[in-house]
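K.L.:
Supplied in structure tokens, the structure appears directly below.
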Amino acid sequence: MEDNEEGVLTGMLQAAEEAAPVEAVEAVTGTIAKSLNALSVSLLIADLSGRALVRLTHQTATGHPGRHQGEEAAEVLPFDGGPYEQALRQQTVQLLHGDGRCRVLAPVTERGETIGLLEIDLLDEPDVAVLARIARTAHALGFVVIANRRHTDLFEWGQRSTPFTLSAEIQRRLLPASFTCEAGAFALSGWLEPAASVGGDTFDYSVARDVLHVGVTDAMGHGVASALTATLGVGSLRNTRRRGDNLVAQAEEANRALAEHANVRGAYVTAVLGRIDLATGRCELLNAGHVPPTLVREGRAETLELPANFPLGMFADEGYRSETITLLPGDRLVVVTDGVRERNAATLDLPAALLGIAHLHPREAVRALSDAVLAAAGPVLADDATLLIIDWYGGHGLRSSTAGADTARASPHPQ
């Protein structure tokens, strides 16, 4: 079994490398189908809305459902609470029976980031060993998608069930490549629910050997001007972070860069920046005119009162101050932008909402909170609503995972 599985994985890699980037997934699923004697194998990728899956196909004939771009077709499958949604959200393999076949749905996941589902039709129900092998194969497929999407727009086009404006395109490039990350000491996930006219929100993170860097920013205004201001702010913060500068230096350099180079006179960016020591839980936070972060601890959601600083770009020579707290195992740190608390969403009790989703993995918690904002403010937001949730476990070291996901910590959040 192991030798055969190693041969299948080798064949997947070879097939992906030999095919063109747009054909890599099709080549790999063909290899999987042959190894399992499957009737069919398909990859369904997660829609950018977070509320659907997308079936990508290459069709030379017309009449295929969904959106089309030349011979490419993208069929959106909205979540309905059924097995497809359950497989993705719960990170569990699902079995469906009917029409004389067994359909297997296996999550395609990398470090907790849900890339999509592997859909396999078999004549017979697979045993436990085969299901475990399918789960591992689905995990490997995730790396094929990650590697090949760098070379083509096909996957990005397929995931966009709603066309992007220019400002949304710029904003999208400022976000991290993966919205979720699981590690031994923490799990985090971010989400951005855009306004009708993009409001310049971003979130970002980077994991160093012993440090987690996080940040949430909100550029003034809307549209392209706001997106360009955000680009300048995020670019400066990333540049100084990658140089190894401390948190205060990052803020002060971004402040000067925005004051000097912003495309709109008086433009500024609010931000919460963080630096977490993965060995100790020591968390340095800096608030530059932003909505204060919230700490969920032992059944309470409390606002963190940090030193007051002006937004970045408001006064070129302004100094900045940070403060340090110590995270405890079971803590949840939440950073949002003011779109979550704007007037149309004023009926949303944020502390109560955070306590109500405390049992959810950060990946699901950000979506649940985003849905709550939309329910309170209406389907069209006046301002971007951005969320970043970090769960702190402590115990920096190796992570325990199954097929790309930490299923043990996908259960209720410890309180």
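The values are calculated or read from the model by the stated rules, or taken from the named source; none is laboratory data. From a predicted model like this one, the values you see are computed outputs, not experimental measurements. Every residue, glycine as well, gets a Cβ built from its backbone with ideal geometry; the counts of neighbours run over all protein chains shown. Calculation scope for accessible area: heavy atoms of the full protein, side chains included, ligands and nucleic acids excluded. Shrake-Rupley method; radii C 1.70, N 1.55, O 1.52, S 1.80 Å.
K.L.:
To the nearest 10 degrees, how steeply does helix 223-243 sit against the main Cα axis of the chain, on a 0 to 90 scale?
P.N.:
90
K.L.:
Further question: Please list, in chain and number order, the residues 5+ apart from VAL211 or on another chain whose amide H is under 5 Å from its amide H, with Hs placed from the backbone.
P.N.:
Sorted by chain and number, the residues that satisfy this are LEU278.
K.L.:
Next question. When the Debye formula is applied to the Cα atoms of segment 256-358, each taken as the same point scatterer, what base-10 log of I(q)/I(0) results at q = 0.12, 0.18, 0.20 Å⁻¹?
P.N.:
Here the Debye-derived log intensity ratios amount to -0.49, -0.95, -1.07.
K.L.:
Right, next: Under 5 Å between amide H atoms, partner at least 5 residues away or on a different chain: which partners does LEU53 have, H built in plane at 1.01 Å?
P.N.:
ASP47, LEU77, PHE79
K.L.:
Starting from the amide H of ILE115, placed 1.01 Å from N in the peptide plane, find each other amide H under 5 Å away whose residue is 5 or more places distant or on another chain.
P.N.:
Answer set, sorted by chain and number: VAL108, THR109, GLU110.
K.L.:
Among LEU44, LEU192, LEU355, determine the one that fluctuates most according to a GNM of the chain built with springs between C-alpha atoms less than 10 Å apart.
P.N.:
LEU355
K.L.:
Net charge near ARG297, counting Lys/Arg +1 and Asp/Glu -1 over other residues with Cβ under 13 Å of its Cβ?
P.N.:
Net charge around ARG297: -2.
K.L.:
Putting +1 on Lys and Arg Cβ atoms and -1 on Asp and Glu Cβ atoms, find which of LEU175, LEU53, VAL216 reaches farthest to the positive end of the dipole of the chain.
P.N.:
It is VAL216, whose Cα lies furthest towards the positive end.
K.L.:
A further question on this structure: Which residue fluctuates most in the GNM of the chain (Cα springs below 10 Å): THR92, THR114, THR162?
P.N.:
Top of the fluctuation ranking is THR162.
K.L.:
Can you compute the FRET efficiency between GLU169 and LEU131 using 1/(1 + (r/R0)^6), with r the Cβ-Cβ distance and R0 = 35 Å? Round to the nearest 0.05.
P.N.:
For GLU169 and LEU131, the calculated efficiency is 0.30.
K.L.:
Less than 12 Å Cβ to Cβ from LEU77, Lys/Arg counted +1 and Asp/Glu -1: what total charge do the surrounding residues give?
P.N.:
Surrounding charge for LEU77 is -3.
K.L.:
How high is the relative contact order of segment 8-66? Use alpha-carbon pairs under 8 Å, at least six apart in sequence, and give a whole percent.
P.N.:
20
K.L.:
If contacts are Cα pairs under 8 angstrom and at least 6 residues apart, what is the relative contact order of segment 287-369 in percent?
P.N.:
Relative contact order here is 32 percent.
K.L.:
Which of ALA19, ALA185, ALA301 ends up with the largest GNM mean-square fluctuation for the chain, with Cα atoms connected below 10 Å?
P.N.:
ALA19
K.L.:
Now for a different question. Give the accessible surface of the chain per residue, rounded to a whole number of Å², with probe radius 1.4 Å and ligands, DNA and RNA excluded. Could the numbers behind the result be given before it?
P.N.:
Numbers: 18360 Å² over 415 residues.
Accessible area per residue: 44 Å².
K.L.:
How far is helix 247-261 tilted off the main Cα axis of the chain, in degrees rounded to 10, range 0 to 90?
P.N.:
Around 80 degrees separate the two axes.
K.L.:
Same structure again: Could you please report the charge total around ARG160, scoring K, R as +1 and D, E as -1 over all other residues with beta-carbon less than 11 angstrom from its beta-carbon? Each step should come with its number before you reach the end.
P.N.:
Values: positive: ARG67, ARG172; negative: ASP47, ASP153, GLU156, GLU169.
It works out to a net charge of -2.
K.L.:
With each run of n ≥ 4 DSSP H residues scored as -39500 (n - 2.57), what mean residue ellipticity at 222 nm is computed for the chain after dividing by its residue count and rounding to the nearest 500 deg cm²/dmol? Working shown, then result.
P.N.:
Working: 10 runs with 133 residues, N = 415.
That comes out to -10000 deg cm²/dmol.
K.L.:
Let me check against my output: what whole-number percent is the relative contact order of the chain, with C-alpha pairs under 8 Å and at least 6 apart? Could the numbers behind the result be given before it?
P.N.:
Details: 894 pairs, mean separation 62.6, N = 415.
Normalised by residue count, the contact order of the chain is 15 percent.
K.L.:
Keeping the other protein chains in place, figure out the carbon and sulfur percent of the accessible area of segment 14-148, with a 1.4 Å probe.
P.N.:
51
K.L.:
Further question on the same structure: So, in Å, what gap is there between the alpha-carbon centers of segment 257-274 and segment 318-359?
P.N.:
Segment 257-274 and segment 318-359 have Cα centres spaced 22 Å from each other.
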